[in-house]
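Structure first, commentary second.
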């Protein structure tokens, strides 16, 4: 299985190439400069692997939620490459990619993902894991940190920029469930690739024109300048 993956929904920009179980990744923190880095990252990965795009099985991308400009960029680049090479597309949740990475590095029951969405809100979701399958315990949403609720005894870690911006509020809301915080955790294309591979195996691929970003705010066009 050969999958190219892109992730540009936050300050981090990354691309990864999965070949069977091995993943090679290029990753860089590049606020507002993703468009300058993403294609060179792709070119470097493909050149190093000695592959052409036509040899890929699919392209995965972080569909958001996240920066309005960032999620649009990943979707647009994915659409362009996939359409030109007639490849299927694998849309992967950016929050799920963060959780996948956290589960690989920590032994926990669940992961509380929070990305700062500006405007005093966060992009929020909670994930658990059953064997090797990532399960969405609380659906992706955009909400005020004061509205976060979690019912259950599962212990887990908080990841994402939302934990930096709203540290006091979120730790207070989840005091009985929280075992640690990794606020500087960014989504990685490597995790997008791994989740994309599972999606491909589950027949979850879509056509290139269906590589659509996830916008959790209904009036995203009006607000986009401040996200």
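Rule-based calculations on the coordinates, nothing more; no lab input. Since this is a predicted model, take the numbers as computed values, not measurements. All Cβ positions, even for glycine, are placed from backbone atoms using ideal geometry, and neighbour counts span all protein chains on display.
Return the inverse of the average 1/r over all pairs of distinct C-alpha atoms in the chain, which is the Kirkwood hydrodynamic radius, in Å to one decimal. Display every interim value, and only then the final one.
Numbers: mean 1/r = 0.0571 Å⁻¹.
When all Cα pairs of the chain are included, the Kirkwood radius is 17.5 Å.
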Item to check | Inter-centroid distance (Cα atoms) of the range 123-144 relative to the range 89-104, Å | outcome: 10 Å
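With r as the distance between the Cβ atoms of residue 69 and residue 105 and R0 = 30 Å, compute the FRET efficiency 1/(1 + (r/R0)^6) and round to 0.05. Walk me through the numbers on the way to the answer.
Numbers: r = 28 Å, r/R0 = 0.95.
Given R0 = 30 Å and the Cβ-Cβ separation, E is 0.60.
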Checklist outcome for this item: Reduced to Cα centres, the span from the range 1-75 to the range 173-196 in Å works out to 19 Å
Checklist outcome for this item: In degrees, nearest 10, the alpha-carbon axis of helix 68-85 is tilted away from the dominant principal axis of the alpha carbons of the chain by 30 degrees
Checklist entry - How far, in degrees from 0 to 90, does helix 34-49 lean away from the longest principal axis of the Cα atoms of the chain, to the nearest 10? => result 60 degrees
